[in-house]
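See structure below.
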């Protein structure tokens, strides 16, 4: 159902360096780079993830309650990817660990990218 998700950036060069390094850890690579938007692809047939400078020319800002969840293959991969994000300049929004939410059991680690967008790495086995 989802074709792609985008997070905004005010520094496309810095954001590109962050996501090039982070998403390479899970096989992601730049698939489309046009003007103010970069889309990353993973496995064929999966949704794209992108970074973009806003089309209206206004500063990018973070949506309250908005988050992008990136899939991981194991709890250990969540741990490793969360640590990599922090090493690349992200801030911690919730250390990796098991979570339960209304009967849903999963493992996740939350972070904010250098622009303040909230993301997590997520595993549900």
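Scanning the stretch 64-81 turns up one or more residues that are closer than 26 Å to residue 97 by Cβ, without any contact (Cβ under 8 Å) to a residue 60 or more places away in the chain, in contact with a helix residue (DSSP H, G or I) (Cβ under 8 Å, 6 or more places away or on another chain) and part of a helix (DSSP H, G or I). Consider the stretch 9-36 and keep the residues that are in contact with a helix residue (DSSP H, G or I) (Cβ under 9 Å, 6 or more places away or on another chain) and farther than 16 Å from residue 85 by Cβ. The one that is surrounded by the most Cβ atoms within 10 Å (Cβ to Cβ) is 30. When the stretch 22-46 is examined, which residues are found to be in contact (Cβ under 8 Å) with a residue 12 or more places away in the chain, more than 14 Å from residue 4 (Cα to Cα) and assigned to a loop (DSSP other than H, G, I, E, B)? Residues satisfying the conditions are 25, 26, 27, 36.
Being in a helix (DSSP H, G or I), at pLDDT 95 or above and over 12 Å from the mean Cα position of the chain (by Cα) is a description that applies to residue 13.
No other residue among 116, 97 is free of Cβ contacts under 8 Å to residues at least 60 places away in the same chain and closer than 19 Å to residue 75 by Cβ apart from 97.
Just checking, does the stretch 74-87 include any residue being under 15 Å from residue 49 (Cβ atoms), out of contact with any strand residue (DSSP E or B) (no Cβ under 6 Å at 6 or more places or on another chain) and at pLDDT 95 or above? Checking the stretch 74-87: not a single residue is under 15 Å from residue 49 (Cβ atoms), out of contact with any strand residue (DSSP E or B) (no Cβ under 6 Å at 6 or more places or on another chain) and at pLDDT 95 or above. In the set (1) in contact (Cβ under 8 Å) with a residue 24 or more places away in the chain; (2) more than 21 Å from residue 1 (Cα to Cα); (3) more than 13 Å from the chain's Cα centre (by Cα), the condition left unmet by residue 58 is number (1).
Given the criterion in a strand (DSSP E or B), out of contact with any helix residue (DSSP H, G or I) (no Cβ under 6 Å at 6 or more places or on another chain) and exposed (fewer than 14 other Cβ atoms within 10 Å of the Cβ), identify the matching residue among 125, 97, 50. Show your work before the answer.
Numbers: 125 fails: in a strand (DSSP E or B); 50 fails: exposed (fewer than 14 other Cβ atoms within 10 Å of the Cβ).
Of the residues listed, the single one that is in a strand (DSSP E or B), out of contact with any helix residue (DSSP H, G or I) (no Cβ under 6 Å at 6 or more places or on another chain) and exposed (fewer than 14 other Cβ atoms within 10 Å of the Cβ) is 97.
The values are calculated or read from the model by the stated rules, or taken from the named source; none is laboratory data. Bear in mind the structure is a predicted one, so any value in this text is a computation, not a measurement. Heads up, the Cβs are rebuilt from the backbone with ideal geometry, glycines too, and the neighbour counts pull from every protein chain shown.
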